[in-house]
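Written below as structure tokens is the structure these notes are about.
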Amino acid sequence: MPRVSLEFILMLGYAISLASIALLLELTARHAHHRSLSISTVGFTYHPDRDIWRCPEEQHLFPVFADTAKGTVVYRAPASACNACRSKPGCTDSDKGREIERKNASGLQFGMQRFHRAMSLTLIVLANLILIVEIFRTNGLYPRLLLAAVVVPFCLIIRHLSADLLPKTEA
């Protein structure tokens, strides 16, 4: 049984720690993003079967604009309903009616989403680089196989995380 060095164990542990931190960052960023989106629509209910929003005062917001390239739809309540509403000061300051912009769930549209994704991707790439360097530094077949077995899933994670950061090309 070949002996593994302390350096090998530390490098493997450090790489796995970086990957764990990247995973935690992804989960935290996803939670924060969903929470911030829900705050802007507190009290409003979306009805996907009719593609409308309903406000707490029972008024409907209808789609008024759709941008298929960005995957967004803008919904607006009738100005007359909003201007006469007793809850208008706490809801909107627009005289055109309350608006809600709904974004497509796929892709990274917001700057903070892209930032957190880039940070996670950087940590995983760094962890993978450490493992690849250690593959060339270490002696013995089994330690190299162990490192390679960790590098492969890290490469798959890198591919998955980078898919949303790269610009989409039209075919």
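Couple of notes before you dig in:
- Of 26, 99, 7, 58, the sequence from fewest to most neighbouring Cβ atoms within 10 angstrom is 58, 7, 99, 26.
- When both the stretch 27-69 and the stretch 121-171 are represented by their alpha-carbon centers, they are found 37 Å apart.
- Whole-Hz ³J(HN,Hα) from phi, Karplus 6.51 cos²θ - 1.76 cosθ + 1.60, for the stretch 4-11, glycine and proline x: 9, 7, 5, 4, 4, 5, 5, 5
- Among 166, 97, 27 - extreme Cα towards positive end, dipole of the chain, charges at beta-carbon: 27
- Angle in degrees between helix 111-137 and the longest Cα principal axis of the chain, rounded to the nearest 10: 10 degrees
- Computed magnitude of the charge dipole of the stretch 41-103 (debye, nearest 20; Cβ of K, R +1, Cβ of D, E -1): 40 debye
- Among 15-23, 136-144, 119-127, the order from most to least packed when residues are scored by Cβ within 10 Å on average: 119-127, 15-23, 136-144
- Identified option (computed mean projected area of the Cα convex hull in nm²; candidates [x] 9.6; [y] 14.2; [z] 10.3): [y]
The numbers here are math on the coordinates, done by the rules we state, and not lab data. The structure presented is a predicted model; accordingly, all values stated were derived computationally and were not measured. Note that each Cβ is placed from the backbone with ideal geometry, even for glycine, and that neighbours are counted across all protein chains shown.
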